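The values are calculated or read from the model by the stated rules, or taken from the named source; none is laboratory data. Please read these numbers as outputs of a predicted model, since none were measured by experiment. Every residue, glycine as well, gets a Cβ built from its backbone with ideal geometry; the counts of neighbours run over all protein chains shown. For the accessible areas, the whole protein counts, side chains as well, though only heavy atoms, and no ligand, DNA or RNA atoms are used. Shrake-Rupley method; radii C 1.70, N 1.55, O 1.52, S 1.80 Å.
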Amino acid sequence: TVANDSEVAVEYEIIARNEHNNLPLQFQLMDGETPVDAAQLAPGKTKDLTFRIIWEAGYTSDSYIGMVDTIQLTITATQID
């Protein structure tokens, strides 16, 4: 859930990054059934989003067993009014 507890409208952007690229992962932020990467949010409003982690097709090697990675999420909010 992203919440805007301020008194102004904001535009927010959410970026996901695979820190070490040990695993073949793709990321997708969803607003219901719609993929999003940025949106606007009015003062006092909230938005429920789903963050999907997708294993890239075709990467099924046993070499990934026991591998770990770090996913960094960065949310940037910018005032728009």
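Of all residues in segment 6-55, which are among the aliphatic types (A, V, I, L, M) and touching a residue at least 40 places away in the same chain (Cβ under 8 Å)? Before the answer, list the steps.
Taking segment 6-55 first, the residues among the aliphatic types (A, V, I, L, M) are 8-10, 14-16, 23, 25, 29-30, 36, 38-39, 41-42, 49, 53-54.
Selection gives Val8, Ala9, Val10, Ile14, Ile15, Ala16, Leu23, Leu25, Leu49.
Identify, from the list Val8, Val68, the residue that is assigned to a loop (DSSP other than H, G, I, E, B) and touching a Leu at 6+ places or on another chain (Cβ under 9 Å).
Values: Val8 fails: touching a Leu at 6+ places or on another chain (Cβ under 9 Å).
Only one candidate passes the filter, namely Val68.
Considered as a group, the residues in segment 9-23 that are over 10 Å from the mean Cα position of the chain (by Cα) and modelled with pLDDT under 95 include one that is nearest to Asp81 (Cα to Cα), and that residue is Glu11.
Tally the residues that are open to solvent by 70 Å² or more (accessible area, probe 1.4 Å), charged (D, E, K, R) and either over 10 Å from the mean Cα position of the chain (by Cα) or modelled with pLDDT of 90 or more (or both), restricting the search to segment 35-72. So the count comes out to 4.
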